[in-house]
Structure formats: structure tokens, C-alpha cells
Amino acid sequence: MKKIIIYKGHDIRISGIPTKETSSIPKSETVALLPKTFRGVKPKLLVNEGDTVKIGSPLFFDKTKPDVKWASPANGLVKTIQFGARRSVEKIEISVSGTEAIRGEAFRQEQLTRADRPTILSRILEGNLFTLIRQRPYNKISNPNDTPRDIFISAVNSAPLSVQIETVIESEKEAFQAGVTALSKLTDGKVYVTFRNAIELKDAIVQTISGPHPAGNVGIQIHHTKPITPGDIVWTVNPQHVITLGKLFLSGVYVPDVIVTVAGPGATAPQTVYAKVGSRVDSLIINQKLTDPTRLISGDVLTGQLVADDGFLGFYDSAVTLIPDTVERPFMGMLSIGSSDTKYSLTNTFVSLGEKLFKFTSSQNGEERAIIPLNAWDNVLPMDILPNELYRSILAQDIEEMEQLGMWECDDEDFALCSFACPSKIDVGAVIRSGLDLFEQEC
Amino acid sequence: MKWLKNILDKIKPHFDKGGYLEKYYPVFEATDTILFSTDKRTHSGPHIRDSLDVKRVMILVVIALLPAYIFGAMNIGYQMALSLGQTNTWSENLIQGALKILPIIAVTFGAGALWEIIFSVVRKHPISEGFLVTCALIPLIMPPTIPLWQVAVATSFGIVIGKEIFGGVGMNIFNPALVARAFLFFTYPVRISGDKVWISGPDGYSGATALAIPAAEKSQDAVTLLDSVSQFDYSWLNMFMGWVPGSIGETSTLWIMVGAIFLLVTGMASWRVMVGAIIGLTGMATLTNFMAELTGSSNTMLTLPAHYHLVMGGFAFGVVFMATEPVTGTHTDKGRWVYGIFIGGLTVIIRSINPAYPEGTMLAILLMNAFAPLIDYFVIQGNIKQRMARYAK
């Protein structure tokens, strides 16, 4: 068994750690999918306002890949369909009224072990759950016509305030195994599952990773296992989604459950909760008493998206992070000695001793400036990539150099810590993303 | 300090878009954020950020320069007293020196700020804190006897030609403070070429600097020669402590080391460059010592041992505060080693092979500033080659 050890990176000591136990909260009255948040997808509707849908019925499909449809996470009435500019579909909102689901063929574990690729693939496509499988490069929804080199599953959540995924897998071991077995049929290569502490698993190569965040990022794990080279396509699936796929095969229905952390320095009662895919954010923060201005983030604090009170949990997200949306402006702050309550830095530039959890706010802590190459990026990027040079080649739109410097292996989420640590307050991840977009257009 | 913040908040609308002072927004912004930090919030990406910003980076470098400033002031007073045949207390020395330094600092910051403001207003970019470091460095590499108008001209040249024409901090290719000094060095060599000592003492008082002594004599042993000087104490220990004439901040290796430790602990300078430079200097000096013996050359400088090179002239100051400047140096870790080693080696070469310039560090760093992108290019090509080999498999 391969043991990956990474040294670069950082576990941000942010306050508001969620409880280990998962609690039940009242379910969201409406759920929604946000088609425009899926990268590179041209959504085409399959329902109209006022239609009744069951759990698992298709809501819309992608014009560029018509086989790929999105399953409804709820049974109820299509309440609103919101359009944006040029009639792009922005939101499909469903008011939940029941639990009726579309039932398809179910498999036993032995049947899964014997099944072939077409059977598995068509079952996932019929179940409208192919959207759970994403590909690298580009980190977008996969194409069912591709056969991936390998499939990678990261069973490690190293991002700040994320779900204790080991416990989730432990409690859903059977479904997880079924999902892994099913996925193993889709590739000619292997399914790699990376854990902190290895558990026994069939039909997959189990490996472990140790080290700080971003150890849990699947891109880092691919890089240290079998790097992506030009022309390679690798599929990735979130561990919670492996369970969802496993349940689809074992029970024949889509179970739109997701375990979500509601946490962060802005949360008054940080907790882990049972939720449905696409829940309204305000239904998830029902136990939080928010008095001061608070920013709601769907996803983790490094890569999540800002959402409004009436916003919805992102399709792939399993965290709602709350941070105070305030900025403190101390007099002559740049001369302050600092303390573990007022300053948090990866460098020794402030006297902030101890391992105290820090109450982060949305303050940028400085203005955007030109790059000062102090290795702030290199120190938190556990990849054989020269981030500074890659960044420059993207700004120069030099496609050839981008490829030479390892663009294929990069995804913006792996560079989030670089932006966090950057003294010049540059959003490195956003530039990496723009490089990937350019790459996708040109290659 | 609430009242000050209230005043700033009150006058802010005049500087905003549409206000009658709109043009001077960078000046307002700089004042506001220097006094009260920024009010900017994240909008996407990482919603939280490290507390370190460029303002803090720059102010930490200025703090690292303080030991050199304080010692520099004391040394000026000490050298004055020495030339007059007096003995002063350390506080008298400090006051005498401060009286010499403060006008230089004032002129540097005045000229620097003026240019920074002009460029920010005209080119509509924010005032960069980088000029604080540049302006803090310039007085330390000037002799105490420098005329103030030359300080103003050199600072202007350094800021404008060394930095602003490239687009400001982060885009410059040469260290602006060194550009300022090089400008004086070649334009007004009488004042600053580094062969005669600079002491604010009685008129006409003169002597040779430690580096000029072995450079001027033929076929002698450098160390014996230095020990024989009676005008100044050019023993190794005294030069390490810094009680010798020289530019304001460069003489005391000890106090520069204190600043270096501060920079390394805070991570504001690359230890690779510093260690590389010491290795380069030691290696090249050992080689020249060996060559001197082997060839029987009459060049006395070749016999100067490495540990003397380390404490003489501007080497320590240049390596700690100039060579480690992250923007103009190499940007890759491997490149930093090469860059440092070359700076150390070139310093010895310029010092010993070319006796017209007894001070070699400044030229070595400027030369390597020019070559830094080339070094990085080779490091990057190395990285690319490895990756391409993997792709080919």
C-alpha cells in the first residue's frame, strides 16, 4: 500500500469547529438546483413551472452531452424557474411535499462485481446521477463517452471545518463499497481511494496520505500517485457521492442525503447536520443566532461561494461556513506586535504564539499589490509546480509555457491556500481558473 | 485616535470619484491605510486571509535596518571625535552622528515621497509602501559627508529610473537603492568611489579605506599591511564590530547580522541567498589566495583572506539587505543559491582583480540583478525538462 506524505501546506486553525455527532434539523421546505453554477454546461429544461416531480426525475440536461441529466433532489412541485440573461436557466426551485422516488433496477454486491461497463454506465445515466462524476483536467462534469485512465476518490477532508468523512464512510460502509465496485467498472485503469487511515476495500487500490491541507484535495493525491499528462482524463468522485451512487445501485433509488457542517467563527452553535441536496441555506443555519453582519458561504472557507440568506447549498458542497463580515481597523496596525487573538499568519511576522483557534473575519488584511516573491505560495503548494512562473505564463496567455509548467495537473482549489497566504493578496486560484478556461478553449 | 479617523472619513468624499480632489486619491488612500489599515474585504476565493500584507513586509525590513542606523550614528560621532583627537561618551557620539544622519534621511524621504506621489497621481496607481524600504536603505549606503543635494538627485534617480519607469514596486529589475548609489558612484566619483575615507571631521582630513590599502600596494601580504595602518584600527575584530570609517550603515558586520537574524526569523529574506553569497565569497577568496601563492602575483588584494573579505566594505550590508530583495533577485529556490554564490564570487573578483573599484559588492549585486531572470530561466527549463520526460513516457 502506498503511503503519501506531504510536508507543504497548512491546516488553518479557524474557530467554530463543528460537533462530531450529526444532528437532525427540520428539512428545507424548498430545494433548488442552480444550472448556471455548473462549469461548461448548456442547460436545457425538461420540466415546467407547476410540474410535479419525484426524487430522481430529470430536471434538465446538458445540450453538449444530452445523456447527462440532473436528478431532482426532492418530490414536489416545481415552484419557480428563474432565467438570467439570454434566457440562461439560473435556478430551478422545488417545493418539497413528499418522498416519492423513481425506482430503477437494484443490484446486489455480487451482481455489481460481475457487471460490465455498459450496465453500470447506463444505470448511472438512467438514475440521472452521472453529474456526480467529475473529470480532471478542468474539474468539470465528465463525458460518459470517455473512458478515464483512472478514477480517484479522496476519502480525506482536510479543508477547514469540513465533515468528518471517515465516520460517514464507516457508517455507510456497504454503500461506499458498492459505489467503489460500480465505479471500478467504468475505467480500464484502477480506482484509487485515499484515506488518512486505511480501511479494507475491494475493487480499489487503497492508499494513505498524511500531512496538512491540501492533503485531502484529490488533485494533490493524483499528483502524488500518477500525475495527469496531456491527453489523460481522470475521473473524480466525492466520497459522499460514492455513497449516493452505491445506494442507487443497492436500493434502486436516488437518496439525496448529504451530511453538512454548519460552522465557522460566525456560527453560534457549530454543528454537523443531516440535510438534503440543494437545501435552502437559511434552513441549515436555523440553530445559529446571527446578530452581527455574517457572511454565508456554501462550501469551505477557502473555496466556497458567497450565498445570500435565501440562497441554496451548492450541488457539490457539504459545508456552510459562517464568518463575521466585518473589518477592524486598528490605529497603526502595521506596526502592531500582534497577539494570538488579533493576528494569524503562516509567517513569524507577528508575535502570535500558541495553537489557539482564530476568529477570522472577511477582512482582506491588506491591499492588492504586485507579487513580492517571498515563497508564500511555494510553501503551501505540495506539488512539483512552480506557482509563480505558472501564474506569469497565464497572465501572458502563453499556452505552450502553461502546458510545459504543468497546467494539466492544476485546479484552482489546490491554489486556494496560496491566495490565503499571499502577502500581496492576489487571488491565485482565480487566475489558475482563467488559465484552465483559456486552455480548454484552445486545446 | 477616533477623532483622526473621523476627520479622514469626513474628507474621504472629496477624494472619491467625482470629488474635487479625485486626482489625489492615492495620497488619501495611502494615509488612510497606513494609519488605520485597509477596510477591504474579500469578495470570493478564500474568504479569509493571512494577516501579513505588503505594508507589514516593508515595515519589517525597515525595522531590521534600525540596528545599522543606530550603530551608524554612533560610529559617525566616534570617527569625528577620533579625527579631532577627542574622546566622547557613546551618547555624545550618538547625538553627533544623528545630527549628520537626520538631514540625509529627511532629504531621502522627502525626495522619495515626492516622486512616489507624482507617479501615483499621474499613473493612477496606489502609493506603494516599497518606497519606505528604498528610502530607508539609501542613507545607509551613503557616506556621512555626502552633500544633501547629491542625496536628493541620487534618490530621484533611484526611484524614477530604478523603479517607476518599470511600473513601480514588483516590476523593477534593479534594486532602486543600489541604482541610486551607482548613479552617484559614476557621476560624482570624488565623493563616493570608496578609496578615500569619509569622515565628518576637520577639513582636509583624509585617509585610505580598509579595502583601498591592499588595493594600492604591490607584492605585500594584505593582512600584515592592514595591521600596520596606524591612522585607523583595521584589525579583523574592529572591522567586524564596525568602528571603522565607511558608509553610514555598512561598517558593522555585527549589527547587520542582528538585522539579518530578524529578517530570517520573520521570513522576509531568503537564507539561500545569504548562505550562497558567503559560500561564493569564501570559495572565491580561497581561490585567489591560492592563485596568489601559485603564480606569485604582485596583486596584494589576492592575498586577502575570506574572513577579511566578509567584514570589509559593504559586503555584509549588501548581501543581507540588497541581494535578498525578493523582486530583483531570482524567484526560484535553486536560482537563489546560484544568485547568492555568484554575488559572493563576483564581489571578490571585482575587489581584487580591478583595483579601480575597491568596493565590489554593489556592482556584483547590480550585475546579478541583470542576470537573475537568466538564472531563473535555466531553473524553469530544468523543471520543464523533467515534466516533459515524464510526459514522453
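The values are calculated or read from the model by the stated rules, or taken from the named source; none is laboratory data. None of these values were measured; they are calculated from a predicted model. Using ideal geometry, Cβ is built from the backbone for each residue, glycine included, and neighbour counts are taken over all protein chains shown.
When only residues in the range B:7-39 that are surrounded by fewer than 19 Cβ atoms within 10 Å (Cβ to Cβ) and among the β-branched types (Val, Ile, Thr) count, which is farthest from the other protein chains (Cβ to nearest Cβ)? Break it down stepwise before answering.
Initially, the range B:7-39 is screened for residues surrounded by fewer than 19 Cβ atoms within 10 Å (Cβ to Cβ), giving B:7-14, B:16-24, B:27, B:29, B:31, B:34-35, B:39.
If we keep only those that are among the β-branched types (Val, Ile, Thr) as well, we get B:7, B:11, B:27, B:31, B:34.
Numbers: B:Ile7: 13, B:Ile11: 16, B:Val27: 15, B:Thr31: 12, B:Ile34: 7 Å.
Among those that are surrounded by fewer than 19 Cβ atoms within 10 Å (Cβ to Cβ) and among the β-branched types (Val, Ile, Thr), it is B:Ile11.
Return yes or no: is B:Ala136 farther than 20 Å from B:Glu250 by Cβ and away from chain A (no Cβ under 14 Å)? I'd like the intermediate steps shown before the answer.
Working: farther than 20 Å from B:Glu250 by Cβ: no; away from chain A (no Cβ under 14 Å): yes.
When the stated conditions are applied, B:Ala136 does not pass them.
Can A:Trp408 be described as buried (at least 20 other Cβ atoms within 10 Å of the Cβ), facing chain B (nearest Cβ under 10 Å) and farther than 12 Å from B:Arg49 by Cβ? Full working, then the answer.
Details: buried (at least 20 other Cβ atoms within 10 Å of the Cβ): yes; facing chain B (nearest Cβ under 10 Å): yes; farther than 12 Å from B:Arg49 by Cβ: yes.
Here the answer is yes, as A:Trp408 does meet what is asked.
Are any residues in the range A:12-67 surrounded by fewer than 17 Cβ atoms within 10 Å (Cβ to Cβ), more than 15 Å from A:Phe130 (Cα to Cα) and among the β-branched types (Val, Ile, Thr), and if so, which ones?
Result: A:Ile17, A:Thr19, A:Thr37, A:Thr52.
I'm trying to understand the selection: among the residues of the range A:322-341, which are farther than 23 Å from A:Pro270 by Cβ, part of a loop (DSSP other than H, G, I, E, B) and either of a type in the set (A, V, I, L, M, F, W, C) or touching an Asp or Glu at 6+ places or on another chain (Cβ under 7 Å) (or both)?
A:Arg329, A:Phe331, A:Met332, A:Ile337 - these are the residues of the range A:322-341 that are farther than 23 Å from A:Pro270 by Cβ, part of a loop (DSSP other than H, G, I, E, B) and either of a type in the set (A, V, I, L, M, F, W, C) or touching an Asp or Glu at 6+ places or on another chain (Cβ under 7 Å) (or both).
Do we have A:Val89 as surrounded by 12 or more Cβ atoms within 10 Å (Cβ to Cβ), in contact with a strand residue (DSSP E or B) (Cβ under 6 Å, 6 or more places away or on another chain) and free of Cβ contacts under 8 Å to residues at least 60 places away in the same chain here?
Numbers: surrounded by 12 or more Cβ atoms within 10 Å (Cβ to Cβ): yes; in contact with a strand residue (DSSP E or B) (Cβ under 6 Å, 6 or more places away or on another chain): yes; free of Cβ contacts under 8 Å to residues at least 60 places away in the same chain: yes.
For A:Val89, the condition - surrounded by 12 or more Cβ atoms within 10 Å (Cβ to Cβ), in contact with a strand residue (DSSP E or B) (Cβ under 6 Å, 6 or more places away or on another chain) and free of Cβ contacts under 8 Å to residues at least 60 places away in the same chain - is met.
Got a sec? Which of A:Thr361, A:Thr342 is out of contact with any Gly (no Cβ under 7 Å at 6 or more places or on another chain) and without any contact (Cβ under 8 Å) to a residue 24 or more places away in the chain?
The unique qualifying residue is A:Thr342.
Determine which member of the set A:Ser340, A:Ser283, A:Ser298 is under 26 Å from the mean Cα position of the chain (by Cα), within 28 Å of A:Val156 (Cβ to Cβ) and polar (S, T, N, Q).
On the way: A:Ser340 fails: under 26 Å from the mean Cα position of the chain (by Cα); A:Ser283 fails: within 28 Å of A:Val156 (Cβ to Cβ).
The unique qualifying residue is A:Ser298.
Quick one: which helices (runs of 4 or more DSSP H) sit completely within the range A:93-184 and have at least 3 residues that are under 22 Å from the mean Cα position of the chain (by Cα)? Give the steps one after another, and end with the answer.
Numbers: elements: A:109-114, A:117-126, A:165-171, A:173-184.
Result: A:165-171, A:173-184.
Are any residues in the range B:342-359 surrounded by fewer than 24 Cβ atoms within 10 Å (Cβ to Cβ), of a type outside the set (S, T, N, Q) and not in a helix (DSSP H, G or I), and if so, which ones?
Of everything in the range B:342-359, those that are surrounded by fewer than 24 Cβ atoms within 10 Å (Cβ to Cβ), of a type outside the set (S, T, N, Q) and not in a helix (DSSP H, G or I) turn out to be B:Pro355, B:Ala356, B:Tyr357.
Can you tell which of B:Ala81, B:Ala154, B:Ala98 is more than 30 Å from B:Phe15 (Cβ to Cβ), free of Cβ contacts under 8 Å to residues at least 40 places away in the same chain and buried (at least 22 other Cβ atoms within 10 Å of the Cβ)? Lay out the reasoning, then the answer.
Values: B:Ala81 fails: buried (at least 22 other Cβ atoms within 10 Å of the Cβ); B:Ala98 fails: buried (at least 22 other Cβ atoms within 10 Å of the Cβ).
Criteria check complete, one pass: B:Ala154.
Has the range A:69-83 got at least one residue that is touching a residue at least 40 places away in the same chain (Cβ under 8 Å), more than 22 Å from the chain's Cα centre (by Cα) and surrounded by fewer than 20 Cβ atoms within 10 Å (Cβ to Cβ)?
So far as the range A:69-83 goes, yes, one or more of its residues are touching a residue at least 40 places away in the same chain (Cβ under 8 Å), more than 22 Å from the chain's Cα centre (by Cα) and surrounded by fewer than 20 Cβ atoms within 10 Å (Cβ to Cβ).
Does A:Gly266 fit the bill of being surrounded by 20 or more Cβ atoms within 10 Å (Cβ to Cβ), out of contact with any helix residue (DSSP H, G or I) (no Cβ under 9 Å at 6 or more places or on another chain), within 12 Å of chain B (Cβ to nearest Cβ) and on the phi > 0 side of the Ramachandran plot?
Working: surrounded by 20 or more Cβ atoms within 10 Å (Cβ to Cβ): yes; out of contact with any helix residue (DSSP H, G or I) (no Cβ under 9 Å at 6 or more places or on another chain): yes; within 12 Å of chain B (Cβ to nearest Cβ): yes; on the phi > 0 side of the Ramachandran plot: no.
Here the answer is no, as A:Gly266 does not meet what is asked.
Under the condition of being closer than 25 Å to A:Val307 by Cα and over 24 Å from the mean Cα position of the chain (by Cα), which residue from the range A:322-337 is nearest to the other protein chains (Cβ to nearest Cβ)?
Taking the range A:322-337 first, the residues closer than 25 Å to A:Val307 by Cα are A:322-328.
Those still in the list that are over 24 Å from the mean Cα position of the chain (by Cα) too: A:326-328.
On the way: A:Thr326: 8, A:Val327: 5, A:Glu328: 8 Å.
If we take residues in the range A:322-337 being closer than 25 Å to A:Val307 by Cα and over 24 Å from the mean Cα position of the chain (by Cα), then A:Val327 is nearest to the other protein chains (Cβ to nearest Cβ).
Would you check which residues across the range A:346-370 are of a type in the set (S, T, N, Q) and under 30 Å from B:Gly168 (Cβ atoms) and list them?
Within the range A:346-370, A:Thr347, A:Asn348, A:Thr349, A:Thr361, A:Ser362, A:Ser363, A:Gln364, A:Asn365 qualify.
Could you list, in sequence order, all residues of the range A:411-420 that are surrounded by fewer than 23 Cβ atoms within 10 Å (Cβ to Cβ) and within 9 Å of chain B (Cβ to nearest Cβ)?
Result: A:Asp412, single match.
Could you say whether any residue in the range A:375-391 is in a loop (DSSP other than H, G, I, E, B), farther than 30 Å from B:Gln381 by Cβ and facing chain B (nearest Cβ under 10 Å)? Break it down into steps so the answer makes sense when it comes.
Within the range A:375-391, the subset in a loop (DSSP other than H, G, I, E, B) is A:375-377, A:381-386.
If we keep only those that are farther than 30 Å from B:Gln381 by Cβ too, we end up with none.
No: the range A:375-391 contains no residue that is in a loop (DSSP other than H, G, I, E, B), farther than 30 Å from B:Gln381 by Cβ and facing chain B (nearest Cβ under 10 Å).
Each row is one residue, and each column tells you yes or no for (1) among the basic types (Lys, Arg); (2) in a helix (DSSP H, G or I); (3) within 14 Å of chain A (Cβ to nearest Cβ).
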residue	(1), (2), (3)
B:Gly276	no, yes, no
B:Leu287	no, yes, no
B:Leu294	no, yes, no
B:Ser297	no, no, no
B:His307	no, yes, no
B:Pro326	no, no, yes
B:Thr330	no, no, yes
B:Lys334	yes, yes, yes
B:Trp337	no, yes, yes
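Step by step: first the residues of the range A:290-302, then only those that are surrounded by fewer than 24 Cβ atoms within 10 Å (Cβ to Cβ) and touching a Pro at 6+ places or on another chain (Cβ under 9 Å), then the one that is nearest to A:Asp11 (Cα to Cα). Which residue is that? I'd like the intermediate steps shown before the answer.
First, the residues of the range A:290-302 that are surrounded by fewer than 24 Cβ atoms within 10 Å (Cβ to Cβ): A:290-295, A:299.
After this cut, where a residue has to be touching a Pro at 6+ places or on another chain (Cβ under 9 Å) as well, the list is A:292-295.
Details: A:Asp292: 27, A:Pro293: 26, A:Thr294: 23, A:Arg295: 21 Å.
In this case the residue turns out to be A:Arg295.
Facing chain A (nearest Cβ under 8 Å) and either at pLDDT below 85 or more than 27 Å from A:Ile372 (Cβ to Cβ) (or both): does that describe B:Thr42? Steps first, please.
On the way: facing chain A (nearest Cβ under 8 Å): yes; either at pLDDT below 85 or more than 27 Å from A:Ile372 (Cβ to Cβ) (or both): no.
Criteria not met by B:Thr42.
Restricting attention to the range A:297-321, which residues are closer than 12 Å to A:Gly264 by Cα, assigned to a strand (DSSP E or B) and within 10 Å of chain B (Cβ to nearest Cβ)?
Passing the criteria: A:Ile297, A:Thr321.
Results for (1) touching a Ser or Thr at 6+ places or on another chain (Cβ under 7 Å); (2) under 20 Å from A:Asp300 (Cα atoms), shown as yes or no for each residue.
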residue: A:Gln221; (1), (2): yes, yes
residue: A:Asp232; (1), (2): no, no
residue: A:Val237; (1), (2): no, yes
residue: A:Gln240; (1), (2): yes, yes
residue: A:Gly246; (1), (2): no, no
residue: A:Val258; (1), (2): yes, yes
residue: A:Val262; (1), (2): no, yes
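Hey, any hits in the range B:251-259 for a residue that's within 19 Å of the chain's Cα centre (by Cα), part of a loop (DSSP other than H, G, I, E, B) and away from chain A (no Cβ under 14 Å)? Break it down stepwise before answering.
Within the range B:251-259, the first condition is being within 19 Å of the chain's Cα centre (by Cα), and the residues that meet it are B:251-259.
Filter once more, keeping what is part of a loop (DSSP other than H, G, I, E, B): B:251-252.
If we keep only those that are away from chain A (no Cβ under 14 Å) as well, we get B:251-252.
Yes - at least one qualifying residue is present in the range B:251-259.
Would you pick out the residues in the range B:47-61 that are facing chain A (nearest Cβ under 10 Å), in contact with a helix residue (DSSP H, G or I) (Cβ under 8 Å, 6 or more places away or on another chain) and either assigned to a helix (DSSP H, G or I) or farther than 20 Å from A:Gly333 by Cβ (or both)?
Once the filter is applied, which keeps residues that are facing chain A (nearest Cβ under 10 Å), in contact with a helix residue (DSSP H, G or I) (Cβ under 8 Å, 6 or more places away or on another chain) and either assigned to a helix (DSSP H, G or I) or farther than 20 Å from A:Gly333 by Cβ (or both), the range B:47-61 yields B:Val54, B:Lys55, B:Arg56, B:Met58, B:Ile59, B:Leu60.
With the condition kept exactly as written, say whether any residue in the range A:270-289 is under 24 Å from A:Ala430 (Cβ atoms) and more than 14 Å from chain B (Cβ to nearest Cβ).
Keep residues of the range A:270-289 that are under 24 Å from A:Ala430 (Cβ atoms), which gives A:281.
Applying the additional criterion that residues be more than 14 Å from chain B (Cβ to nearest Cβ) yields A:281.
Checking the range A:270-289: at least one residue is under 24 Å from A:Ala430 (Cβ atoms) and more than 14 Å from chain B (Cβ to nearest Cβ).
What's the number of the only condition in (1) surrounded by 24 or more Cβ atoms within 10 Å (Cβ to Cβ); (2) more than 8 Å from every other protein chain (Cβ to nearest Cβ) that B:Asn93 fails to meet?
B:Asn93 satisfies every listed condition except (1).
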